[in-house]
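Encoded as C-alpha cells, the structure appears first; notes follow it.
FYI, it's all coordinate maths here, none of it is from the lab. Remember, it's a predicted structure, so these values are computed and weren't measured experimentally. Using ideal geometry, Cβ is built from the backbone for each residue, glycine included, and neighbour counts are taken over all protein chains shown.
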Amino acid sequence: MKIAGIIAEYNPFHNGHAYHIERTRAEKGGCEATHIVAVMSGNFVQRGEPALLPKADRVRMALAGGVDLVLELPLPWVLSSAEAFARGGVAILNALGCVDTLSFGSECGDVAALEKIVDVMQSDRFPALLRYHLEGGIAFPEAQSRAVAEIGSDKLAALLARPNNTLGVEYIKAIRALAPAMQPFTVPRMGAEHDDMAPIGDTASASFLRTVILSGKMLNAAPYMPRTAYRLLSEAAAAGHCPADAKRLERGVLAALRQMSADQLAACPGISEGLQNRVKEAVATAATLDELEQAIKTRRYPLTRIRRMLWSAFLGVPADLAAETPPYARVLGYNDRGREILNRAREASAPLLGRASQAEKLTGTARQVWELESRAADLYALTLPKPFACGAEYTTGVIHAE
C-alpha cells in the first residue's frame with residue numbers, strides 16, 4: 001500500500017483534477033499511489049469566498065473522481081495565507097501517520113527547482129532581505145520574489161510568478177517542518193492555467209467554470225468536467241445547492257462589519273499596521289462588497305488577501321488559530337480503499353472525527369474550531385439558491401461511496 005495525500009478545493013472538480021489524480025496513481029512516470037486521501041476546504045475557499053457548492057456535493061465529486069478518503073481542512077486554515085493553508089493540510093495528512101507522499105500540481109513540474117527555492121527561503125540571509133523589501137511598502141509576494149532573485153537567481157524567482165508553483169513551495173516548506181518523512185511529488189499543470197478565462201482543449205480553469213456556472217450557462221461547463229462530476233453538479237443545482245453566490249449574503253456581511261469597532265477589526269486575521277482604520281472608514285460608505293474591497297485595496301494588500309480578511313471578520317475567525325496546527329481531522333467521505341487508509345490511521349496523532357456526536361467530546365481549541373465551523377456552515381447556507389436550515393454540520397453524515 002502506498003498512500004498519497006492531495007490538498008485541494010475541487011471548486012468544482014474538473015478534468016485537470018482528474019488528470020492530477022490519474023498521474024498520482026500512475027505506475028509509469030507517476031507517483032504509483034494505491035490509495036489517495038484528499039484534504040479539502042469546506043464551505044469557504046482560500047481565494048476568500050464561499051465555495052460554489054456545499055462541501056458534501058464536492059466530496060461526492062472527489063470520490064467519483066478517484067479520491068478514496070476526503071478529510072476537511074478547517075476554516076481558519078482555509079481563509080488564510082498560502083503558507084498557513086499548506087501547513088494546515090500537511091499537518092492533517094501527517095497526523096494520520098500513514099501518508100507516504102504529498103502530490104500537488106505545479107506549472108513547472110519540477111520538484112527539485114521548487115526545493116531550491118525553499119533552500120533560498122531558509123537561508124540565513126533571506127529573512128532580513130525579505131523584511132527590507134517589505135519595509136519598502138510592496139506586497140509580500142513581490143518582496144519574496146525579489147529576495148529569492150537576489151539570493152538565488154532570476155530564474156528561480158520567475159517560478160514564483162505562477163500560483164501553483166508558489167503553493168508547491170509552501171507545501172515543501174510545510175513538509176520539511178512537520179513531516180520530513182513525507183515525499184513531495186508534483187504533476188505538471190496541463191491545459192488552461194490557474195485563472196485562465198479561456199479553455200485549452202478539454203481543460204478549463206476552475207475560475208472559468210465558476211464564471212459560466214454563475215452566469216446561468218452551466219451546460220458550457222460540461223466539456224471540461226468528468227461526466228459524473230457534471231451530473232453531480234447538475235443534481236446539486238436542481239436541489240438548490242448550487243451555485244452559491246456571496247451577493248445573497250452581501251448586506252448581511254456589510255451590516256456585521258459596520259457594527260464592529262476598530263479594535264474588534266484589529267483582532268481579525270490579516271489585519272495589521274493600522275489597516276483596521278482603513279476598513280472601518282471604507283465600510284461606513286460601501287454599499288457592496290466590491291466597493292468595500294476596492295476601497296481597501298492597496299499595492300501591499302491585494303484583493304484576495306482583503307477578501308479573506310473580510311470573510312474572516314464576518315465569520316468570527318480568531319487571528320491566532322491558523323498559527324497552530326488543526327486540532328482534529330474530520331472525515332467527510334470515503335470508499336472501500338478509504339476505509340483501509342482509516343484502518344492504517346488508528347494511531348493518528350489527532351482525533352479523527354466521523355459522527356457529529358464525537359465533536360461533543362472536544363475541548364479547548366478543538367471545540368472552538370468545531371463551533372466556528374458550525375456557525376460558518378449556517379451562514380454559508382444563505383449564499384445558496386435554497387438555503388438549508390441551521391445545524392447542517394450535525395445532520396450531514398459521512399459520505400460512503402462504493
- Query: For region 239-253, what does the Karplus curve 6.51 cos²θ - 1.76 cosθ + 1.60, with θ = phi - 60°, yield as ³J(HN,Hα) per residue in whole Hz, taken in order and with x for Gly and Pro?
  - Reply: 8, x, 8, 7, x, 5, 9, 4, 4, 5, 10, 3, 5, x, 5
- Expected unfolding gain across residue 291-residue 258 under the 0.36 nm per residue rule, minus the alpha-carbon gap, is 10.5 nm
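I'm a student and want to see the number: the projected area of the Cα convex hull of region 271-402, averaged over all directions, in nm².
Values: hull surface 44.5 nm².
The number I arrive at for region 271-402 is 11.1 nm².
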- Note on the structure: Taking 0.36 nm per residue of separation between residue 368 and residue 138 and subtracting their Cα-Cα distance, the length gained on full extension comes to 79.3 nm
- Query: Using a simple spin-label model with points 7 Å from Cα along the Cα→Cβ vector, what separation in nm is obtained for residue 177 and residue 344?
  - Reply: 2.6 nm
- GNM top mover of 151, 36, 213 - the chain, alpha-carbon springs below 10 Å: 151
- What GluC sites (Glu not before Pro) does region 5-44 have in DSSP loop regions with at most 11 other beta carbons within 10 Å? 27
- Message: Using only the alpha-carbon atoms, what does region 23-75 span along each of its principal axes? Please give whole angstrom values in decreasing order.
- Response: 38, 20, 16
- Wrap a convex hull around the Cα atoms of region 109-260, take a quarter of its surface area, and give that in square nanometres. 13.5 nm²
- Task: Have a look at 99, 253, 212 and tell me which one the Gaussian network model of the chain (Cα, springs below 10 Å) gives the largest fluctuation.
- Result: 212
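Using only alpha-carbon positions, what ratio does the radius of gyration of the chain give when scaled by 2.2 N^0.38 Å? Let's see the in-between values first.
Numbers: Rg = 20.4 Å, N = 402, 2.2 N^0.38 = 21.5 Å.
Compared with the compact-globule rule of thumb, the chain sits at 0.95.
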- Task: Could you work out how far apart the two model spin labels at residue 281 and residue 123 are, taking each label as a point 7 Å from the Cα in the direction of the beta carbon, and quote it in nm?
- Result: 4.0 nm
- When the helix-only estimate is applied to the chain (DSSP H runs of n ≥ 4, each -39,500 (n - 2.57), divided by the residue count), what is the mean residue ellipticity at 222 nm, nearest 500 deg cm²/dmol? -14000 deg cm²/dmol
- Task: Tally the DSSP beta bridges in the chain and give the antiparallel ones as a percent, rounded to 5.
- Result: 25 percent
- Amide H contacts of residue 102 (H built 1.01 Å from N, under 5 Å, at least 5 apart or other chain): 5, 183, 185
- Task: Name the long-range amide H neighbours of residue 38: under 5 Å, sequence gap of 5 or more, or other chain; modelled H, no Pro or chain starts.
- Result: 6, 68, 69, 70, 71
- Query: Sorted by packing (mean other beta-carbon atoms within 10 Å per residue), highest first, where do 369-378, 116-125 land?
  - Reply: 369-378, 116-125
- Message: Can you return the lysines within cross-link range of residue 280? Criterion is Cα-Cα under 23 Å, with same-chain partners fewer than 8 residues away left out.
- Response: 247, 297
- Item | Candidate lysines for bridging to residue 28, where Cα separation is under 30 Å - those fewer than 8 sequence places away on the same chain excluded | 2, 116, 155, 173
- Query: Near the amide H of residue 203, under 5 Å away, which other amide H atoms are found, from residues 5 or more places off or on another chain, if H is placed in the peptide plane?
  - Reply: 192
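If I take R0 = 41 Å and measure r between the Cβ atoms of residue 112 and residue 220 in this structure, what FRET efficiency does the formula 1/(1 + (r/R0)^6) give, to the nearest 0.05?
Details: r = 39 Å, r/R0 = 0.95.
With R0 = 41 Å, the Cβ-Cβ based efficiency is 0.60.
Considering every Cα-Cα pair within region 46-114, what fraction, in whole percent, is farther apart than 21 Å? Write out the running numbers ahead of the final one.
On the way: 897 of 2346 pairs.
Within region 46-114, distances greater than 21 Å cover 38 percent of Cα pairs.
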- Message: Testing the spin-label approximation: label points 7 Å from Cα along Cα→Cβ at residue 245 and residue 298. State their distance in nm.
- Response: 3.4 nm
